[in-house]
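A.B. asks: Okay, here's the structure, questions in a sec.
The values are calculated or read from the model by the stated rules, or taken from the named source; none is laboratory data. Every value quoted in this text rests on a predicted model; they were computed, and no experiment measured them. Note that we place each Cβ from the backbone using ideal geometry, even for glycine, and neighbour counts take in every protein chain shown. Surface areas here come from the heavy atoms of the whole protein model, side chains and all, with no ligands, DNA or RNA. Shrake-Rupley method; radii C 1.70, N 1.55, O 1.52, S 1.80 Å.
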Amino acid sequence: MSLLKLFYGLCTGRYFFFFNNSILFLAICIILPILGQPRMLQASSGEPRSSIHIPARFDEDDEDITNDTLYVKEFVLALDVVEREPVEIVESYSMSNARAWCFARIHNSSEMQDIFFEWYYEDDLYFKMNSKIGISANWRTYSSVGLQPGFWQVRITNNNNEVLDEIEFRVSE
């Protein structure tokens, strides 16, 4: 019988005929605080670790991230972005799509930096959005715009206005 079931039975009186009031008192004073303690898991080294998982700042399998660099790892168009992940990657849109979504995965091993999503419609700047990029091997960010038929470009630029990556696409009627 689990301690929780025993404690429940003691509190509801179900097992009262087996135990007297002193056992109930001990259960409340000793067992309940033990059950409320955070549980410790054993790491592979045998040392305890917290059951709360705190992710590492960098992926262990990623490239060498000791250089002070910022670069684009993934840059795609999608039908949507949900929970910072692209949904259904596309190469073009039609007017049946209300918005264009551009998703970027950025590597930044330096200090927090700004990047800019620059959306061009028919070679004219249509919209520019700033995005702060923290220190990470996989910082995810995105931008979206309402669509019009024609030729589009979306660029990612840095503070020095250098183009880090760009995508060109058409929106059909």
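A.B. asks: Is region 57-68 home to any residue that is at pLDDT 90 or above, farther than 16 Å from Glu168 by Cα and not aromatic (Phe, Trp, Tyr)?
C.D. replies: No, region 57-68 contains no residue that is at pLDDT 90 or above, farther than 16 Å from Glu168 by Cα and not aromatic (Phe, Trp, Tyr).
A.B. asks: So, in region 128-173, exactly how many residues are outside any strand (DSSP E or B) and in contact with a Leu (Cβ under 7 Å, 6 or more places away or on another chain)?
C.D. replies: 1
A.B. asks: Another one. Pairs only if they're at least six apart or on different chains, beta carbon under 6 angstrom, first in region 70-83 and more than 26 Å from Ser96 (Cα to Cα), second open to solvent by 30 Å² or more (accessible area, probe 1.4 Å) and polar (S, T, N, Q); list them, first residue then second.
C.D. replies: Leu70/Gln113
A.B. asks: Continuing with this model, one more query. Within region 139-150, track down each residue that is out of contact with any Asp or Glu (no Cβ under 6 Å at 6 or more places or on another chain), over 15 Å from Pro86 (Cα atoms) and either open to solvent by 40 Å² or more (accessible area, probe 1.4 Å) or without any contact (Cβ under 8 Å) to a residue 24 or more places away in the chain (or both).
C.D. replies: Gln148
A.B. asks: For region 113-127, what are the residues that are outside any strand (DSSP E or B) and either in contact with a Gly (Cβ under 7 Å, 6 or more places away or on another chain) or basic (Lys, Arg) (or both)?
C.D. replies: Glu122
A.B. asks: Can you confirm whether Arg105 is within 30 Å of Ser172 (Cβ to Cβ), open to solvent by less than 50 Å² (accessible area, probe 1.4 Å) and basic (Lys, Arg)?
C.D. replies: yes
A.B. asks: Scan region 151-172 residue by residue and report those that are open to solvent by less than 60 Å² (accessible area, probe 1.4 Å) and either without any contact (Cβ under 8 Å) to a residue 40 or more places away in the chain or acidic (Asp, Glu) (or both).
C.D. replies: Phe151, Gln153, Arg155, Asp165
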